[in-house]
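Below is one structure, written out as structure tokens, with a few remarks after it.
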Amino acid sequence: MEGILTARQTAGQIAQRQMGRIQRQYRRLPFLRIISITIVVLLLIPVAYLVLRAVDSGQDGIDYLLRPRTLNIVQNSLNLVAAVSLSAVVVGVPFAWLTSRANLPLRRVWLVLGMLPMVVPSYVAAIALIRMFGPSGLFEATFGFNPMPPIYGFFGSWLIITLMTFPYVALPVRAAFMNMDPSLEEAARGLGGGRWRVFWRVTFPQLRPALAGGMLLTALYTLSDFGVVMLLRYNAFTRAIYISYENSFNPYRAAVLALVLVFLTVGLLLLERYISRGRRNYKVGTGAARRPPMVDLGVWRWPAMLFCAVPVAFGLILPVVVLLGWALNPNVTSALNVNLGALTVNTVGVSGLAAVTAGVVALPLAILAVRSRTGFSRWMVNTAYMGNALPGVVIGLALVYFGIRVLPGLYQTMPILIAGYLLRFLPFTLASTSGALTQINPSIEEAARGLGLRPHQVIWRVTLPMAWTGILAGVALVFLNTMKELPATLMLRPTGFDTLSTRIWTASDVGSYGLIGLPGLVLIAVSCLSLTLILARDRWA
Amino acid sequence: MRKLFAFGLVFLLGLMALAPVGAQNTESLVLYSGRNEELIQPIIDRFIEETGVQVDVRYGNTAGLANQIIEEGANSPADVYLGQDAGALGALAQAGALAPLPDDILERVSPVFRSPDGLWVALSGRARVLVYNPPLLEELGLPLPDSIADLTDPMYRGLVAWPPTNASFQSQVTALRLLLGEDETLAWLQDMIANDVIPFSNNTALNQGVLAGEAVMGLTNHYYIFRIYNEDPDAPIALHFFPAGDPGSLINIAGAGVLATSDQPGLAQRLLLYLLGTPAQQYFADMTVEYPVIDGVALDERLTPLDQIEPPDIDLSDLADLEPTLDMIEDSGALD
């Protein structure tokens, strides 16, 4: 996810006069354009079909859209987005500060622990919360009272999604804290500014781009999350769409709701772009980068550690402990068949396929994004980013309708499932690959040209090897997210094809929670492995 | 770049080649099942084992899968549809999605357990009931309701559970529409919601909820509590049948039909025949504790025989009017 930010921030830093020559060079690669156009058109078709489907309903669709109930759903979703974005900042910014600017004991441990909730699928965290703090949950059974407000509905959804998303804010903000030039703050202090005044007037403005980016990711995640609002029965858009899809003989209803959700997410993207437009923070001079001084927490380090421990406890330890409990003592007489080996092979296989596909497909688009500046290619690249605005349930819906009517041969097959993942997660590889490409100085490619390599040879032998680690990070990110994906998988998978996440979903649906233990732990373990791959090159690690 | 392009092309073609692998085996069926996996997969596994026919099952919501089949039209990959409610089967029959069944299948069950046109057949029977938690009810000093209509009484505020996305519940609402009329049914749904009814995602969760005291009583099918009794014979949960003729005491079925578009009708009928055979019916009677639909299979001794329950005067095929029910449930706010 960091790639989305870096790509945007660094793209402009490439020297313009070198660009001219490089552009001319890439214009000789019509393949690149043909492939890119094909990809973008293929991505657009199912979405266009969904729009057609909704528009086709005519007056019925309009009536359905204008019910007060639709407005309720909009309000529910926006409430959750606002609350989660705010609380992600309230948790994320102090977390970032403590792990970058203060002498917090075990700082690196806290940093890694704080990021680990990202490997726990949100629906697993929700199941664990229900198990522990739900009505007649473990806590109540053990201690005779329940310290939590009722978790069903808004409260539980807000809590879980905040825990899952605060790293989206904490990570970029931490990077901003670390990269900040301390001389600015020092100058402000020297000019007589108090601690808080300096923070608000000097430090905070430098955090703003990172904050805006992090909050955008948080908001987009909140709008697209499916498992939490389903399990905790909060009637946000994803839930309303899925329930309408399953409980109506009028398919346009789900399509209409899905379109409204897409409008909401696009609105958020535009809002962020508007807010962070034209804000740049420059360092003055090129002196050696100096680390800002550490703040001594003194006795405050104990409450600070407690603060860092809370999200770790709820987002990581609680789910793992609950899963372990079930794994050690399944205690269910269930007829559900859980073949852990086959499920793991399926999950890793399909996620790997999706990740590699996303990596390959992103390549021509990323090269265009970085090396070509025409309006048309920029439009194409922006279109390929639309997965950011399409929650899994919307992509599932679009591809189901599209598959049924237009490509029945591919309906409920592996390719269409992979296409769904691609549509959803291509932005990850696109951003990381573009980011990696921008860091390659075009003059190296020019030199290779000068030494007699043909343009495609340059890409193959110079550009790719240099961008490799960046590409790999994006691929790993797609892998991680595909493994946890639920709604599109449920809707698009071939009949009889189960993954760890669909099996967890089925088992929880029939109340056989004991069966969730092992698949859940395996899912988290494999996620940890892929996160390690991402962190291996991550500058925040 | 050419290499890259070639690689991409080969990769995509490889993906396409993966697609038809499952379809090449001629001895294979696709079953869309609205009954959950836990209840139906064991008997499907037995069929696979005994016949060698591969059955791939797509599990989902009874109404959702019926709608999906209608959407899929001529291209539906499904050969057999299995639903947990006569309404969805009837809706499929009305949409022309089901093929007529041969007499050797239809004649295995009495006429009340099959569609009048011979398009679907029941596999098991179930009674709509109210489950309740006796100690909790006693603690509150409340009487059991005499009718499903009484559940809107303020004395039951926040105590009653229902599963609004469950097909058997949806059929019950269809029955209410037929018996009470549209306006009164919508009013009942809205009064239930105003009375803080507790929604559950399915019957299993609802029964567990009543057992755990999250709700004191709930509208559900009769057989879930026996699964609870199997683990703990003294579990604090019991059945309450609404009195004779009350819309709450509907008898419904789980049933199946063969799709008109199936390219394996013979194989599909074989699956249905198997599910209507004595071993499968005995499985439904013993393992899921439902009412068998063929003669010669013993009823679980804990069950009230069907002829002693007096359901309201409704034909199962009357329940086919599902679409207005689904719209009404959604519009009432029950799904929010």
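The values are calculated or read from the model by the stated rules, or taken from the named source; none is laboratory data. Just so we're clear, the structure is a prediction, and the values are computed from it rather than from any experiment. Note that we place each Cβ from the backbone using ideal geometry, even for glycine, and neighbour counts take in every protein chain shown.
Data table
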item: Given (1) in contact with a Pro (Cβ under 9 Å, 6 or more places away or on another chain); (2) of a type in the set (Val, Ile, Thr); (3) more than 14 Å from chain A (Cβ to nearest Cβ), number of the condition B:ILE237 does not satisfy; result: (3)
item: Search result, residues across region A:243-268 that are in contact (Cβ under 8 Å) with a residue 24 or more places away in the chain, within 10 Å of chain B (Cβ to nearest Cβ) and surrounded by fewer than 24 Cβ atoms within 10 Å (Cβ to Cβ); result: A:ASN250, A:PRO251
item: Hits in region A:29-70 (condition: in contact with an Asp or Glu (Cβ under 9 Å, 6 or more places away or on another chain) and assigned to a helix (DSSP H, G or I)); result: A:ARG69
item: Any pair with Cβ under 7 angstrom, 6 or more apart, that starts in region B:200-220 at a residue that is over 23 Å from B:GLU139 (Cα atoms) and ends at one that is charged (D, E, K, R) and surrounded by fewer than 23 Cβ atoms within 10 Å (Cβ to Cβ); result: B:SER201/A:ASP509; B:ASN202/A:ASP509
item: Qualifying residue in region A:192-199 (condition: hydrophobic (A, V, I, L, M, F, W, C), surrounded by 13 or more Cβ atoms within 10 Å (Cβ to Cβ) and closer than 12 Å to A:VAL93 by Cα); result: no
item: Top-ranked residue of region B:271-280 - restricted to ones that are touching a residue at least 24 places away in the same chain (Cβ under 8 Å) and closer than 16 Å to B:PHE113 by Cα, ranked as surrounded by the fewest Cβ atoms within 10 Å (Cβ to Cβ); result: B:LEU273
item: Qualifying residues in region A:323-352 (those that are without any contact (Cβ under 8 Å) to a residue 40 or more places away in the chain and closer than 21 Å to A:ILE127 by Cβ) - the one surrounded by the most Cβ atoms within 10 Å (Cβ to Cβ); result: A:ALA335
item: Test for B:GLU330: is it within 14 Å of chain A (Cβ to nearest Cβ), in contact with a helix residue (DSSP H, G or I) (Cβ under 8 Å, 6 or more places away or on another chain), more than 21 Å from B:VAL53 (Cα to Cα) and buried (at least 20 other Cβ atoms within 10 Å of the Cβ); result: yes
item: Residue identified as surrounded by fewer than 24 Cβ atoms within 10 Å (Cβ to Cβ), in a loop (DSSP other than H, G, I, E, B), facing another protein chain (nearest Cβ under 9 Å) and on the phi < 0 side of the Ramachandran plot among B:PRO42, B:PRO77, B:PRO100; result: B:PRO77
item: Options B:THR204, B:THR152: the member that is modelled with pLDDT of 95 or more, surrounded by fewer than 24 Cβ atoms within 10 Å (Cβ to Cβ), in contact with a helix residue (DSSP H, G or I) (Cβ under 7 Å, 6 or more places away or on another chain) and among the β-branched types (Val, Ile, Thr); result: B:THR152
item: All positions within region B:295-314 that are touching a residue at least 24 places away in the same chain (Cβ under 8 Å) and out of contact with any Phe, Trp or Tyr (no Cβ under 8 Å at 6 or more places or on another chain); result: B:GLU310, B:PRO311, B:PRO312, B:ASP313, B:ILE314
item: Residue within region A:65-76 that is surrounded by 18 or more Cβ atoms within 10 Å (Cβ to Cβ) and in contact with a strand residue (DSSP E or B) (Cβ under 6 Å, 6 or more places away or on another chain) present; result: no
item: Tally of residues being more than 7 Å from chain A (Cβ to nearest Cβ) and not polar (S, T, N, Q) across region B:48-58; result: 6
item: Residue list for region A:298-316, filter: under 28 Å from A:ALA525 (Cα atoms) and in contact with a helix residue (DSSP H, G or I) (Cβ under 9 Å, 6 or more places away or on another chain); result: A:MET305, A:PHE307, A:CYS308, A:ALA309, A:VAL310, A:PRO311, A:VAL312, A:PHE314, A:GLY315, A:LEU316
item: Helices (runs of 4 or more DSSP H) contained in region A:81-184 and holding at least 1 residues surrounded by 22 or more Cβ atoms within 10 Å (Cβ to Cβ); result: A:107-115, A:122-133, A:154-179
item: Unique residue being of a type in the set (Phe, Trp, Tyr) and within 14 Å of chain A (Cβ to nearest Cβ) when the list is B:TYR224, B:TYR274; result: B:TYR224
item: Test: residue in region B:38-57 that is polar (S, T, N, Q) and touching a Gly at 6+ places or on another chain (Cβ under 6 Å); result: no
item: Hey, B:ARG58 in the same structural domain as B:LEU275 (by TED's automatic domain parsing) and closer than 22 Å to B:GLN281 by Cβ or not; result: no
item: Pair list, Cβ under 6 Å, 6 or more apart: region B:120-136 residue among the polar types (S, T, N, Q), other residue in a strand (DSSP E or B); result: B:SER124/B:ALA254
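Quick grid of which residues meet (1) over 30 Å from A:ARG253 (Cα atoms); (2) in contact with a Phe, Trp or Tyr (Cβ under 6 Å, 6 or more places away or on another chain); (3) away from chain B (no Cβ under 14 Å); (4) not in a helix (DSSP H, G or I):
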position	(1), (2), (3), (4)
A:THR357	yes, no, no, no
A:PRO364	yes, no, no, no
A:PHE376	yes, no, yes, no
A:VAL393	no, yes, no, no
A:PHE402	no, yes, no, no
A:GLN412	no, no, no, yes
A:PHE428	yes, no, yes, no
A:ILE459	yes, no, no, no
A:VAL462	yes, no, no, no
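Let's see how each residue does on (1) closer than 24 Å to A:LEU529 by Cα; (2) of a type outside the set (A, V, I, L, M, F, W, C):
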{"residue": "A:PRO330", "(1), (2)": "no, yes"}
{"residue": "A:ASN346", "(1), (2)": "yes, yes"}
{"residue": "A:VAL361", "(1), (2)": "yes, no"}
{"residue": "A:ALA366", "(1), (2)": "no, no"}
{"residue": "A:ARG373", "(1), (2)": "no, yes"}
{"residue": "A:GLY403", "(1), (2)": "no, yes"}
{"residue": "A:LEU407", "(1), (2)": "no, no"}
{"residue": "A:ILE418", "(1), (2)": "yes, no"}
{"residue": "A:SER432", "(1), (2)": "yes, yes"}
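Each row is one residue, and each column tells you yes or no for (1) at pLDDT 95 or above; (2) more than 30 Å from B:LEU206 (Cα to Cα); (3) in the same structural domain as B:VAL30 (by TED's automatic domain parsing).
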| residue | (1), (2), (3) |
| --- | --- |
| B:ALA74 | no, yes, yes |
| B:LEU82 | yes, no, yes |
| B:ALA97 | yes, yes, yes |
| B:ILE105 | yes, yes, yes |
| B:ARG114 | no, no, yes |
| B:LEU119 | yes, yes, yes |
